[in-house]
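Q: Take a look at the following structure, please.
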């Protein structure tokens, strides 16, 4: 992402426990790769991230996307600042910074058409009428967020780019600028400005299917077969007797369920993989268990204690998401707390 | 649940972090209410539960539903034992207990038609042919699990009851017996035997809609409005520009997203509540944010810093689940790690 975005700075979005993958190890590895700018959603995520990075003894900037409120006074320092989403928050921030003096400057977020977070149309007009509303003393960057970047043909991308460019024209070169999320990076250099903010792409997910091919698949999820059994086609499988087979079949029960993020929407529709062979989910997904049809896999590969891959070489988070009617992002953030997590490569 | 089940013992299922609500506080409170038998899914959950209950200085029995394997040797003691799901596991367990001597006896689980976990048809035949296969020295209870108990009219309930009763006839009164999960308790005393094992009902969810009325709603989930804005009906809201309003509207952006278990399937379909008034989700649910249409709620009730209820008096976990195409169980287990959890009442 850094090489595609250069000369823009490449920040990293690590909110929601680094998209479910573990904030500490992920952020420390990114720091070792040279990343110094991080984005989180919540104040407590900023505190946790600052603690995780402390031992590296490098300078980092951590921005809290969900904005400024009174609780933030004790959190902000030389490495933590909010993204300000309204004139009211800008005012709060300036008052606070006038009191404490030094510290990391904040980012101001303009809503250019997503209607979710950031200065809206009226407040943007006020800034355009008086650019001095935002002081470079306390703010060093202006950002916005793209709503439809995963669809490069969507008219909204150009609309948002136009609104953002118009803002830059008025507010001028007193600030740095940032617009692109992961799919925005792939929209081309017109969208890069001074800093890009990929999240999803760092974890090998999101973007459209064409751009996704440029990403590495970095997550692997496996669980263990805890029992196998044979069933005939007059039997039913699982809750609600919803699962059926159309021939005498072998089933494997795996210690993984919706309590671990294997969504119930994957019942009778998702699949795992054993040595590259697809093994479909039969019946409903239980809280702690899922039952797979392993009839077409040699018995020697699916005994108690053997492992089934749910995310990995043969199925990306985005693939699994399609079966569940969602996106890879939600597959990752839904991964529960019961996994043993391991990290490949060096992490301080 | 205890009074409905008496004279059967009422155990508590607290797997998956007590259905997402916090294993320690939930189990300690249940213990104070007199509960001494607990069920978890995984070995690490048993260890965590044993630690949580230690300070109470009472005797508890903790059973691990997902069965026995070699790793269990170090875990099992006077308060922890597995539920054995196959003849192989029974053998492993007996060998282990012959070596170490004393300890909590295990439970043997027979699969009476769910085809998920437990001794299957062939192994059950073997036990029926030689009841001495299971020694009361190392096992004190026989259990099975109901597949369709939430539908009292389902033929499967009687089928499973018949198979279980047949087993009891042969294996005899050397053991205690347990069949009913939460909805099984409501099927009547024929299903209760010596111990019932409610999970869901303890947390106010599951069962069919008639029985659910007998349960208390015990979970409340709120999050904060972090921004409000006005939109016209020519604007779009959120990712993919999927959200639209058909009149000039006021929106509230709330700090809650699919990363917190507010499923993406709730996009343009779920709702929150402000002072009892429904506020529908507009557009897609983001990872950390959701946008609500608050046009019909007085502005004084939906300012920045005001709270929106997603689970509580006006919307149960099961209600929210309907909008997401799932069940209340998954709503609770999907609650993420970013909440401040509070418990009402006394917990040691």
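Just so you know, all these numbers are worked out from the coordinates, no wet-lab data involved. All values derive from a computational prediction rather than experimental measurement. Neighbour counts are summed over all protein chains in view; Cβ atoms, including those assigned to glycine, are modelled from backbone coordinates with ideal geometry.
Q: Out of every Cα pair in the range B:298-348, what percent are spaced more than 17 Å from each other?
A: Of the Cα pairs, 55 percent sit more than 17 Å apart.
Q: Say a label goes 7 Å from Cα toward Cβ at residue A:135 in every copy; what distances in nm does this one have to the rest, shortest first?
A: Nearest first, the other copies' label points are 8.1 nm away.
Q: Using only atoms on other chains, find how many Cβ atoms lie within 10 Å of each Cβ of peptide B:107-115 and report the average.
A: Whole-number average of other-chain Cβ neighbours for B:107-115 is 4.
Q: For q values of 0.13, 0.15, 0.18, 0.19 Å⁻¹, compute log₁₀ I(q)/I(0) with the Debye formula on a Cα-only model of the range A:79-237, without solvent.
A: Listed by q, the Debye log ratios stand at -0.68, -0.84, -1.09, -1.17.
Q: Just B:143, B:114, B:132 to compare: in a GNM of chain B, with alpha carbon springs under 10 Å, which one fluctuates most?
A: B:132
Q: Over all Cα pairs of the range A:221-333, how is the pair count split among 10 Å bins, expressed in % and running from 0 up to the last occupied bin?
A: Cα pair-distance distribution for the range A:221-333, in percent: 16, 52, 29, 3.
Q: Which whole number in µm²/s is D for the range A:142-182 by Stokes-Einstein, with the Kirkwood Rh taken over Cα pairs at 20 °C and 1.002 mPa s?
A: Result for D is 199 µm²/s.
Q: Can you give me the pair-distance distribution of the range B:170-262, C-alpha pairs, 10 Å bins, whole percents?
A: So the P(r) values, bin by bin, are 13, 25, 18, 19, 13, 8, 4, 1.
Q: Let me ask something additional. Run through the other copies and list how far each one's label point is from that of residue B:339, in nm with one decimal, shortest first; the point sits 7 Å from Cα along Cα-Cβ.
A: Sorted ascending, the copy-to-copy spacings read 2.2 nm.
Q: Which distances, in nm and shortest first, link the residue A:98 label point to the same label point in every other copy, taking 7 Å along Cα→Cβ?
A: Sorted ascending, the copy-to-copy spacings read 8.3 nm.
Q: Let me ask another. Jot down the per residue volume, in cubic angstrom and as a whole number, of the convex hull over the alpha-carbon atoms of chain B.
A: 150
Q: Classify the range A:111-188: rounded, prolate or oblate, from the alpha-carbon gyration tensor (a ≥ b ≥ c, eigenvalue square roots; a/c under 1.5 rounded; otherwise prolate if a/b is larger than b/c)?
A: Prolate, since a/c reaches 1.5 and a/b exceeds b/c.
Q: Report, to the nearest 10°, how far helix A:43-54 tilts away from the longest principal axis of the Cα atoms in chain A, using its own Cα long axis and a range of 0 to 90°.
A: Roughly 90 degrees, rounded to the nearest 10.
Q: In Å, the Kirkwood hydrodynamic radius of the range A:1-98 over pairs of distinct alpha carbons?
A: 13.9
Q: A further question on this structure: What residue among A:100, A:254, A:26 shows peak mean-square fluctuation when chain A is described by a Gaussian network model with Cα springs under 10 Å?
A: A:100
Q: Can you work out D for the range B:64-119 in µm² s⁻¹ from Stokes-Einstein, where Rh is the Kirkwood radius over C-alpha pairs, the temperature is 10 °C and the viscosity is 1.306 mPa s?
A: Translational diffusion coefficient: 140 µm²/s.
Q: Follow-up question, since we're still on this one. Indicate, rounded to the nearest 5 percent, the antiparallel portion of the DSSP beta bridges found entirely in the protein assembly as shown.
A: DSSP beta bridges in the protein assembly as shown are roughly 50 percent antiparallel.
Q: Å³ per residue of the Cα convex hull, for the range B:36-140?
A: Enclosed volume per residue, from the Cα hull, is 99 Å³.
Q: Could you state the per residue volume, in Å³, of the convex hull enclosing the Cα atoms of the protein assembly as shown?
A: 170
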